[in-house]
Amino acid sequence: MKSQIILITLLGLLTCNSEAKKNLPIVEAKEKTIVEPSVNVDSLTYVVFTYDSSRYSIYWSFSKNLSLVGLSKEEITLAELLLLKQIDQYNQSQIKIFNEMKVKYPKYNFQKEIFIIENPSNYARQYIPAINSDGQKLIYINAFCTLQGHDYWKDGLVEVMDGGDCYFQLIINLTTKEVVEFSVNGVA
């Protein structure tokens, strides 16, 4: 069993697109290659915004007709499980890139920490749930390094150009239990 997981993980790494972070393979809840993480929603720092098409429509690139919906604690837990699996997959592909860069440019002192998302539980989250025209429940998640001492992120969406792995976003289809979009900010 362990060798099958290692083989599947290695095959997954080989198929990852190391050129564009936005084109990473998407995680589905059905996969069994990653050990099921646990989520304690009460320990997360987050806020849930009500979907407002006049404010948030640019983030829903795949759907124009969204409607309001609430978000339960169980749905946040499911979204977080899928988020953690996606981050694990992202980090695996980034470690491969890190190792390639160390070999290709040995005179530079690359640090693995700038290639990966570390300690996702330390990131604040902004959730925006909505229902699409197919009746599927979606959630946009905007995650960023915790802004200690600042509460403005609880009142409006935090939008940052660049910032590297301190900022990432994803859209999860809660109905199909899959990540449909995932991106990490670039570094300027």
May I ask you to list the residues in the range 97-117 that are in contact (Cβ under 8 Å) with a residue 24 or more places away in the chain and closer than 27 Å to ILE171 by Cβ? ILE97, ILE114, PHE115, ILE116, ILE117
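Out of the range 132-162, which residues are at positive phi and in contact (Cβ under 8 Å) with a residue 24 or more places away in the chain? Quick ask: steps written out before the conclusion?
In the first step, residues of the range 132-162 are kept if they are at positive phi; the result is 135, 149, 162.
Within the range 132-162, GLY135, ASP162 meet the criteria.
Restricting the search to the range 96-112, which residues are assigned to a loop (DSSP other than H, G, I, E, B) and in contact with a helix residue (DSSP H, G or I) (Cβ under 8 Å, 6 or more places away or on another chain)? Don't jump to the end; show me each part of the working.
The initial filter retains those residues of the range 96-112 that are assigned to a loop (DSSP other than H, G, I, E, B), namely 105-111.
TYR108, PHE110, listed by residue number.
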Per-region count, the range 79-112, residues buried (at least 18 other Cβ atoms within 10 Å of the Cβ) and more than 21 Å from CYS166 (Cα to Cα): 0
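For the range 141-165, name all the residues that are modelled with pLDDT of 90 or more and either assigned to a loop (DSSP other than H, G, I, E, B) or not aromatic (Phe, Trp, Tyr) (or both).
Pass one, the range 141-165, residues modelled with pLDDT of 90 or more: 141-144.
Selection gives ILE141, ASN142, ALA143.
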Yes or no: the range 113-123 includes at least one residue that is more than 17 Å from the chain's Cα centre (by Cα), of a type outside the set (S, T, N, Q), part of a strand (DSSP E or B) and buried (at least 19 other Cβ atoms within 10 Å of the Cβ). no
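The values are calculated or read from the model by the stated rules, or taken from the named source; none is laboratory data. Computed from a prediction, not measured in an experiment: that's the story for all the values here. Don't worry about glycine lacking a Cβ; one is built from the backbone with ideal geometry, like all the others, and counts go over all protein chains shown.
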